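The values are calculated or read from the model by the stated rules, or taken from the named source; none is laboratory data. Just so you know, these numbers come straight off a predicted model, no measurement behind them. Heads up, the Cβs are rebuilt from the backbone with ideal geometry, glycines too, and the neighbour counts pull from every protein chain shown. Just so you know, the surface numbers come from the protein's heavy atoms only, side chains and all, with ligands and any DNA or RNA stripped out. Shrake-Rupley method; radii C 1.70, N 1.55, O 1.52, S 1.80 Å.
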Amino acid sequence: MAENAVASATDHVFPTLTTAQIARIAPHGRRRAVAKGELLVEVGQRPIPFFVVLSGEMQVLRPVAGTEELIVAHRAGQFTGEGTMLNGRRSLARARVSAPGEVIELDREELLGLIQKDTELSEILMRAFLLRRIKLIAGGLGDVVMIGSTHCAGTLRIREFLTRNGHPFHYVDLDHDAEAQELLDRFHVTSADVPVLICRGDALLRNPTNQQIADCLGFNDAVDRAHVRDVIIVGAGPAGLAAAVYGASEGLDVLVLEANLPGGQAGSSSRIENYLGFPTGISGLDLTGRAYAQAQKFGAQVLVAKGATKLTCAHPLYTVHLDDGARIEARALVIASGAEYRKPALANVSQFEGAGVYYAASRMESQLCVGEEVAIIGGGNSAGQAAVFLAETAGRVHILVRKDGLAETMSRYLVRRIEDHPKIVLRTRTELVTLEGDRHLDRVQWRDGRTGALETHDIRHAFMMTGAIPNTAWLDGCVTLDSRGFIKTGPDLSQEDLRMAGWPLARPPYLLETSRPGMFAVGDVRGGNIKRCAAAVGEGSIAIAFVHQVLHQ
Ligand SMILES: Cc1cc2nc3c(=O)[nH]c(=O)nc-3n(C[C@H](O)[C@H](O)[C@H](O)COP(=O)(O)OP(=O)(O)OC[C@H]3O[C@@H](n4cnc5c(N)ncnc54)[C@H](O)[C@@H]3O)c2cc1C
């Protein structure tokens, strides 16, 4: 037993709880005896119970080719679980009793109740769960094998999808593994089928969509779609995740819908240096990954790879239509669907997306262009950040802007770094005109706006960072937009706007409220928003204060 033991400071991954800590867990669950060989958790099981070992021993195992590989053995005072405990997904491992003894068992709801009430235990468990998941990811110890190639667009997309969902996978690179290529050839798997995913040991998916992967891995299985929610949040970028954290932590029944990857645009940022509290910067993946875990810790449910396609805006219940045909109702709605990078008007741009053309510059993209020349198109802050970040590993970075310089569009600190960087070449009054290649981008052509001269360069990586357009098409005229398509809110809505929209109440819209009562817009999708993470997070949290007021009216 863990008499007088102290949770080890050096071992946060598999800590041993103190007697006092165990005593606080006990009332939340059931104490019971376990026999040697008893199976407590099976691979693929959902929901996964949580166990604290009081005596005896429990092994956590991974089935590999008919045998079992030991991941860890938990003894008295230690506990089971990792990230999946919070999001209600399937277990990646098996847990079996290897020496008889006693355990405390909690189901997922009981565990969530415990970590919401007990700050100290919440910290110990959250840290252990997250570190264990990182260990699984680092070791590629998941239930997914991905066979891909840097020459095909789907590979980057799927790696990003699995990574941002915190799902471990083993990657086989066809460009470096001739035997894997031979094997695929034998089974007549063509290049159009790559990447191939072996999902949960059996399903073989050929170049699957993100939705197919989410379905296969059961990412959304734990979410009940039938009951009316207090609030649905559309979009899991910083604004939506902030609304989810504040809403769920304040007791609201929150559902988040994310069409693609949790994290939004911020998730694709290599390093955010201006977010309060992170003086040395933080990667967008880290920042939004933590927010995603935090929202789930407070009980917010998140549907991933499930976009809102339509809205029925009959007040007081709003119905959101999903891309799989389902409908979910809520008494309030927070629109946090953000914005997307504008695609350049080049005929074949989509042919190279993920295979030489990128809209983000994260660690994943930077690994693809080590030592090579890259072109960045755009003169805003995200382009500047991408240039500085990529210059750490790329051979040379060309920034292409149509204007005469960067002063009007980029922060001074970035302009200085670009000017001082020996590997970065700024090309003003220059326009990208052609992309060429077969399966992967091989070369680009740009035009010098001063002379009209065309130049061709063997550049295999082009980063498009040319401004954003709001994701509002799915709203289908439900709320009032400004002339650029962003959502108007609060004091920006004129009397005329409200009259045209049929605003039904005597009070004017609250701050961040759209032309529909109880429907709020936050972050980049909102007109007048400052396009920054801090602004998105601030607005997401403020909106929840007004959601409470609406729900009480
Ligand atoms: C490369 C890059 C670097 C950046 N660097 C910085 C920086 O250093 N500092 C800073 O402050 N800001 C930075 N920004 C800006 C910052 O990331 C954005 O301001 C912020 O992400 C906006 O958050 P949001 O939640 O409003 O929208 P988004 O981040 O755009 O998130 C919106 C989410 O909604 C989802 N969505 C869209 N439509 C639907 C639908 N119909 N149904 C369901 N989901 C939907 C999207 O998939 C997305 O995940 C950067 C942006 C980029 C692209």
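Relative to the present Cα-Cα distance, how much length would full extension add between Arg412 and Val228 at 0.36 nm per residue of separation?
Once the chain is fully extended between Arg412 and Val228, it gains 61.4 nm.
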Answer in debye to the nearest 20: the dipole magnitude of the range 437-531 about its Cα centre, from +1 Lys/Arg and -1 Asp/Glu charges placed on Cβ, is 120
Please give the contour-minus-distance gain from Glu68 to Val370: 0.36 nm per residue of separation, less the Cα-Cα distance, rounded to one decimal in nm. 104.9 nm
The chain: antiparallel bridges as % of DSSP beta bridges, rounded to 5, reads 60
Carbon and sulfur: what percent of the chain's accessible surface (1.4 Å probe)? 52
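If a helix is a whole DSSP H run, which ones in the chain reach 18 Å or further along their own axis (Cα) and hold a mean Kyte-Doolittle hydropathy of at least 0.0?
The qualifying helices are 119-138, 533-552.
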How much length is gained on full extension from Asp324 to Ala138, taking 0.36 nm per residue of separation minus their Cα-Cα distance? 63.7 nm
Around Thr489, under 11 Å between beta carbons, what's the net of Lys plus Arg minus Asp minus Glu among the other residues? -2
Go ahead and estimate [θ] at 222 nm for the chain from helices alone: -39,500 (n - 2.57) per DSSP H run with n ≥ 4, summed, over the residue count, rounded to 500. -8000 deg cm²/dmol
Considering the chain, which cysteines have no disulfide-compatible partner, defined as another cysteine with its Cβ under 4.7 Å away? Cys152, Cys369, Cys533
Cα-projected label distance for Val433 with Asp476, points at 7 Å along beta-carbon direction, nm: 4.3
If you take every DSSP beta bridge fully contained in the range 313-454, what fraction is antiparallel? Give it as a percent rounded to 5. 55
I need the peptides 127-135, 492-500 ranked by packing, meaning the mean over residues of other C-beta atoms within 10 angstrom, with the highest value on top. 127-135, 492-500
Distance cut-off 27 Å, Cα to Cα: go down the list Lys36/Lys117; Lys297/Lys488; Lys310/Lys488; Lys403/Lys531 and report the pairs above it. Lys36/Lys117; Lys297/Lys488
What does the accessible area per residue of the range 281-436 come to in Å², with a 1.4 Å probe and no ligands, DNA or RNA counted? 42
Starting from the Cα of Ile469, step 7 Å toward the Cβ, then list every residue of the range 484-508 with an amide N under 13 Å from that point. 484-486
Spin-label zone in the range 201-243 - amide nitrogen under 15 Å from a point set 7 Å from the Cα of Lys310 along the C-beta vector: none
